[in-house]
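Right, one structure below, let's go through it.
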Amino acid sequence: MLNSTTLNTTTIDTAEARLGAACTVEQHLRRHGASLCDLLDALDDPSGFAALCDLHGVFGQPIPDTDAVEAALRDVHRVLADQTPSSLDRIGQERGLPASDMILWHGARVSELLARFPHAE
């Protein structure tokens, strides 16, 4: 049976891991956010771009809200996953972006970042 000390330690460990995951997201956005921004801007679903803006807003706080980071990242992931090959081909032709490759790369990175967010048991 778990006692309150074990529960508190588990909660603290989870909170620390979630904060670490949020910091990793912030570092990723500093390096690759411009490319992700270009891609989300080119897509037909404005909610992806809005989610990216939400992420930037969360990181404007002294301590980011890890739930907000995870939720915005999930929204970005959903938008990336919902794209059809034909829409990506159209974006590639209209905007000169390698949209298909960008979706694959950013989708994989966002999936990896989401996997870093533990949940309390």
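Using θ = phi - 60° and the Karplus form 6.51 cos²θ - 1.76 cosθ + 1.60, what ³J(HN,Hα) does each residue of segment 44-59 get, whole Hz, x for Gly and Pro?
Coupling constants for segment 44-59: 7, 9, x, 5, x, 5, 5, 5, 5, 4, 4, 4, 4, x, 4, 6 Hz.
Leaving ligands, DNA and RNA out of it, report the carbon-plus-sulfur percent of the accessible area of the chain at a 1.4 Å probe. List each step's numbers first, then the result.
On the way: 3880 of 7180 Å².
Whole-percent figure for carbon plus sulfur exposure: 54.
With axes computed from alpha carbons, what is the tilt in degrees of helix 4-42 against the longest principal axis of the chain, rounded to the nearest 10 within 0 to 90?
Here the helix axis deviates by roughly 10 degrees.
For segment 69-79, what does the Karplus curve 6.51 cos²θ - 1.76 cosθ + 1.60, with θ = phi - 60°, yield as ³J(HN,Hα) per residue in whole Hz, taken in order and with x for Gly and Pro?
Residue by residue, segment 69-79 yields 4, 5, 4, 5, 5, 5, 5, 4, 4, 4, 5 Hz.
Expressed as an acute angle from 0 to 90° and rounded to the nearest 10, what is the orientation of the C-alpha long axis of helix 99-115 relative to the principal long axis of the chain?
0
Please give the charge dipole size of the chain, origin at the Cα centre, charges +1 on K and R Cβ atoms and -1 on D and E Cβ atoms. Round to the nearest 20 debye.
Values: 9 positive and 18 negative charges, 49 e Å.
Around 240 debye, computed over the chain.
Looking at segment 4-115, what % of the alpha carbon pairs are farther apart than 16 Å?
On the way: 3672 of 6216 pairs.
Tail of the P(r) past 16 Å holds 59 percent of the pairs.
Counting only heavy atoms of protein chains, what accessible area per residue, in Å², does segment 4-115 have with a probe of 1.4 Å? Don't jump to the answer; show the numbers that get you there.
On the way: 6160 Å² over 112 residues.
For segment 4-115, the solvent-accessible area averages 55 Å² per residue.
Just want the answer: with Cβ charges of +1 for Lys and Arg and -1 for Asp and Glu, which residue in ALA68, HIS32, SER47 is farthest toward the dipole's positive end in segment 4-115?
Farthest towards the positive pole: HIS32.
The values are calculated or read from the model by the stated rules, or taken from the named source; none is laboratory data. Just so you know, these numbers come straight off a predicted model, no measurement behind them. Cβ: placed from backbone, ideal geometry, glycine included. Neighbour counts: every protein chain shown. Keep in mind that these areas ignore ligands, DNA and RNA; they rest on the heavy atoms of the full protein, side chains included. Shrake-Rupley method; radii C 1.70, N 1.55, O 1.52, S 1.80 Å.
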